[in-house]
Amino acid sequence: MIARLNRGPACSALAISLASLPLALPSMAYAQDSAQPEAEQPAASGSGDIIVTAQRREQRLQDVPVAISAFGSEAIEARQAVQISDLIAHSPNSQVNYPFGEGGPPNFVIRGISSTDYSANQSKPIAIYIDEGIRGLSTFETMPLYDVERVEVLRGPQGTLYGKNATGGAVNIVTKKPGFSTEGYVTGSYGNFNRVRLQGALQVPLVDDVLAVRIAALYVHDTGVLKNVTPGLGDLDQTDVFSFRGALQFEPADNFEATLRFNHVRSGGRNYAPFAGNIDFNDPAILFPGNNLSNLPGSDRDGLGFFETATNHTPERTIRSNGFNLIMNWDASDALRLTSVTTYDWGKWVDIGDDDGLVIEADDPIFTYGKDMKQFVQDLRLATSFDGPFNVQAGLLYTYDSVNAGFSYSLLTDPGCGAVCTFGFTPTGTGFIQSNDFDQKRKSYAAYLRGDFEITDTLSVYGGVRFSRDKIAVSNFNAFLGDTEDAQAVPTISGYSDRRTFNNTSFEVGANWKPVEDVLLYASMREGYRSGAVNAQAFSDASEITFAPPETARTYEVGFKSTLLNRALTINGSLFQTDYNNQQVVVTEAGGLFPLRSISGARVRGFEGDITARPIDRVTLGVGVGVLDPKYSDDATVTGTSGVDVSGNQISNAAKFSLNLSGDFVLAEINDDTVDLNLDGTYTSRVFYDIAETANVSQPGYWVANARLAYNAERFSVGAGVKNLFNEKYFTYGLGLRFAGLDYLIRGTPRTYSVDATIRF
């Protein structure tokens with residue numbers, strides 16, 4: 001939003017060529033914290049005062065006919081959130097996990113829709129926007145939360161306005177842009193596991209009301225939250241993150257503004273530590289029976305606690321990403337706005353993990369990488385705001401990304417395996433390795449148009465359409481099988497290349513009715529689209545380099561939003577059904593392969609609602625509920641050779657029930673200072689991490705509770721907080737490795753506590 005909209009004539013031809021605004025996504029649940037687009041916006045007295053831009057234009061939150069949750073800077077600070085998982089669970093029917101540990105790429109689950117493929121070349125079905133630029137590769141989604149204006153979560157397909165890879169919804173992170181006053185802050189915290197967090201920002205005007213700069217930085221380091229009893233290797237699931245952001249704000253005229261940002265993220269350390277579960281190396285399902293591994297020391301978890309591990313290998317993560325983001329807005333007239341969003345990112349992701357988490361090497365290690373990663377996005381948008389009943393939005397989008405990606409797996413490499421593990425490569429071999437490497441390039445073109453028509457002052461309708469064309473090419477695809485002891489390799493794929501083009505047309509229609517000022521009723525049909533994708537885990541033959549077809553979702557939804565009792569009570573809810581086709585999934589197949597496949601059909605029915613109540617001035621209470629019936633169709637089929645029957649099964653990663661509770665209390669007021677208590681808790685019902693509903697790789701329902709007490713003054717604040725208050729033991733991800741005699745599980749974070757202090761100037 002341009003802070004001073006009418007200061008002069010059109011700015012320049014450059015502004016015309018790059019213009020049109022997707023300001024942000026929207027918001028709903030954490031109404032008390034308001035996702036305020038502008039710092040100068042007054043604090044809301046109730047949820048109806050919150051201004052959002054979910055539909056690419058400024059609207060009161062309660063006037064937006066979309067299921068949204070928003071978390072403003074106050075909510076982020078109150079909960080000392082550093083990663084997005086600290087917030088997302090408080091959006092109904094929403095979860096997020098980190099398969100590669102904190103600091104790695106997040107995996108979102110919204111209304112039962114998520115990704116099961118964590119290859120470096122893939123995009124996910126929840127679109128991630130950072131400062132209005134979509135991120136299409138996992139490395140560029142690794143965005144720690146600091147100096148953030150708001151985080152917005154849109155639930156349900158968003159294909160028309162937000163484009164591809166928004167099958168299940170979209171997440172928008174909006175960082176703070178520079179203002180024309182001098183200000184800043186510094187925050188420091190220390191907690192168990194020797195966790196140190198330093199964060200700060202400084203804003204300075206360079207030319208009064210014309211040019212300003214803001215710089216911000218974050219550093220987080222701990223020694224690891226999972227104890228490693230193996231001497232000399234250090235504790236695991238370690239966080240080691242440094243990020244820096246610089247931004248320039250340029251406003252040479254009342255009708256033009258430009259915001260230029262540079263972002264740097266570095267994440268490293270001893271990353272995730274898998275939990276080896278249900279170990280049975282004598283299981284007849286093991287790929288190589290008779291390997292004698294069950295008799296070796298370290299072949300089970302005897303004597304280890306839940307948050308302990310014993311490994312022979314130190315995992316390591318390296319993520320580096322840099323990027324520029326330029327947003328320009330030009331008001332060509334009082335009723336016409338043009339916006340340009342230009343984003344360019346580059347970086348790499350290398351992850352070396354101990355795949356079994358044991359002292360022996362039953363299935364170890366796994367090497368995942370994405371090198372020479374690049375992404376370019378150019379988005380041009382036009383929006384009208386006529387006084388009449390009809391307004392339109394239109395846009396053009398071009399994206400390009402490229403990556404050199406690959407995998408390397410080692411199997412049964414422990415010397416105790418003996419002769420059965422030579423596999424005929426060499427007489428001295430102790431196992432084998434399968435490895436691949438390839439280049440991927442993607443180009444996407446899209447155009448969209450949406451129109452809104454006011455039939456009466458209380459009744460309106462809308463419709464929209466988006467056409468997308470995606471081109472994917474793989475080249476230099478090479479793979480080999482080899483011995484782990486003697487460097488002998490057998491090439492299996494050499495220099496293979498292939499390409500595909502995918503087209504999609506997504507629609508949306510809806511109607512909105514306001515029978516009274518503070519009540520909105522709405523009905524809609526929305527579609528979402530995830531581009532087709534190449535199988536990154538081909539090792540044995542070029543025929544494995546298959547392309548999964550595009551993933552699509554169509555959601556029918558009815559909902560309401562209401563603000564009651566002089567805005568002391570907000571109640572919102574919705575009912576929906578999603579028809580979900582060609583879900584892209586990773587499936588365990590013979591030989592220990594995990595190729596990308598697709599499932600023909602699924603259906604998700606659900607309800608979600610949230611209530612925010614302010615019974616007295618010093619108390620704000622919140623409840624969010626999500627109920628799902630996420631099922632694969634009775635006639636659903638899986639491509640490939642897995643032989644898995646998924647008919648009627650619960651969709652992988654989807655929880656049937658979720659509940660979030662929050663309470664914000666002002667315990668005392670001392671002049672203008674306050675003593676604040678923030679409590680919250682989330683419940684997630686059973687989740688199956690595979691498509692076969694395997695109990696061994698599932699997580700029963702569990703609670704996670706957090707608390708923070710703080711003294712807040714104008715210039716400083718001090719606080720103390722606890723996350724996972726009751727030290728709940730739970731898994732966030734699972735994978736069946738029965739061919740190797742175990743199951744692979746990723747643990748949630750144990751209880752952490754810290755003290756913090758902030759100085760503002």
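Conditions (1) surrounded by fewer than 21 Cβ atoms within 10 Å (Cβ to Cβ); (2) in a helix (DSSP H, G or I); (3) in contact (Cβ under 8 Å) with a residue 24 or more places away in the chain; (4) not aromatic (Phe, Trp, Tyr), marked per residue:
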{"residue": "Leu628", "(1), (2), (3), (4)": "no, no, yes, yes"}
{"residue": "Ser647", "(1), (2), (3), (4)": "yes, no, no, yes"}
{"residue": "Asp664", "(1), (2), (3), (4)": "no, no, yes, yes"}
{"residue": "Val675", "(1), (2), (3), (4)": "yes, no, yes, yes"}
{"residue": "Gly681", "(1), (2), (3), (4)": "yes, no, yes, yes"}
Residue list for the range 256-274, restricted to those being farther than 13 Å from Thr343 by Cα, under 23 Å from the mean Cα position of the chain (by Cα) and crowded, with 18+ Cβ neighbours inside 10 Å | Val265, Arg266, Ser267, Gly268, Gly269, Arg270, Asn271, Tyr272, Ala273, Pro274
Filter pass, Gly224 being within 26 Å of Gly357 (Cα to Cα) and either part of a strand (DSSP E or B) or under 27 Å from the mean Cα position of the chain (by Cα) (or both) = yes
In this structure, does Asp457 turn out to be in a loop (DSSP other than H, G, I, E, B) and of a type outside the set (Ser, Thr, Tyr)?
-> yes
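Listed residues Asp379, Asp401, Asp364, Asp372; which is at pLDDT below 90 and either among the charged types (D, E, K, R) or surrounded by fewer than 22 Cβ atoms within 10 Å (Cβ to Cβ) (or both)?
The unique qualifying residue is Asp364.
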Taking Phe108 as the residue in question, decide whether it is modelled with pLDDT of 85 or more and either in contact with a strand residue (DSSP E or B) (Cβ under 6 Å, 6 or more places away or on another chain) or assigned to a loop (DSSP other than H, G, I, E, B) (or both).
-> yes
Have a look at Ala258, Ala253, Ala332 and point out the one that is in contact with a Cys (Cβ under 6 Å, 6 or more places away or on another chain) and not β-branched (Val, Ile, Thr).
-> Ala253
Residue by residue through the range 683-695, note down the ones that are surrounded by fewer than 20 Cβ atoms within 10 Å (Cβ to Cβ) and of a type in the set (Phe, Trp, Tyr).
-> Tyr683
Within the range 540-552, track down each residue that is in a loop (DSSP other than H, G, I, E, B) and touching a Phe, Trp or Tyr at 6+ places or on another chain (Cβ under 8 Å).
-> Ile545, Pro549, Pro550
Could you tell me which residue of the range 163-212 is surrounded by the most Cβ atoms within 10 Å (Cβ to Cβ), considering only residues that are part of a loop (DSSP other than H, G, I, E, B) and among the hydroxyl-bearing types (Ser, Thr, Tyr)?
-> Thr167
Kindly indicate which of Pro630, Pro700 is within 26 Å of the chain's Cα centre (by Cα) and within 23 Å of Gly601 (Cα to Cα).
-> Pro630
So which residues in the range 62-92 are farther than 9 Å from Val151 by Cβ, small (Gly, Ala, Ser) and in contact with a Phe, Trp or Tyr (Cβ under 9 Å, 6 or more places away or on another chain)?
-> Ala67, Ser85, Ser91
From Asn295, Asn325, Asn278, Asn312, grab the single residue that is of a type outside the set (Lys, Arg), farther than 30 Å from Phe140 by Cα, in contact with a Ser or Thr (Cβ under 8 Å, 6 or more places away or on another chain) and in contact (Cβ under 8 Å) with a residue 24 or more places away in the chain.
-> Asn312
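Quick one: would you say Asp610 is of a type in the set (Asp, Glu) and either free of Cβ contacts under 8 Å to residues at least 24 places away in the same chain or closer than 16 Å to Ala553 by Cβ (or both)?
No; evaluated as a whole, the condition is false for this residue.
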Test result for Thr749, assigned to a strand (DSSP E or B), hydroxyl-bearing (Ser, Thr, Tyr) and either over 21 Å from Thr682 (Cα atoms) or in contact (Cβ under 8 Å) with a residue 60 or more places away in the chain (or both) | no
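The values are calculated or read from the model by the stated rules, or taken from the named source; none is laboratory data. Just so we're clear, the structure is a prediction, and the values are computed from it rather than from any experiment. Here the Cβ is made from the backbone with ideal geometry for all residues, glycine too, and neighbour counts use every protein chain on show.
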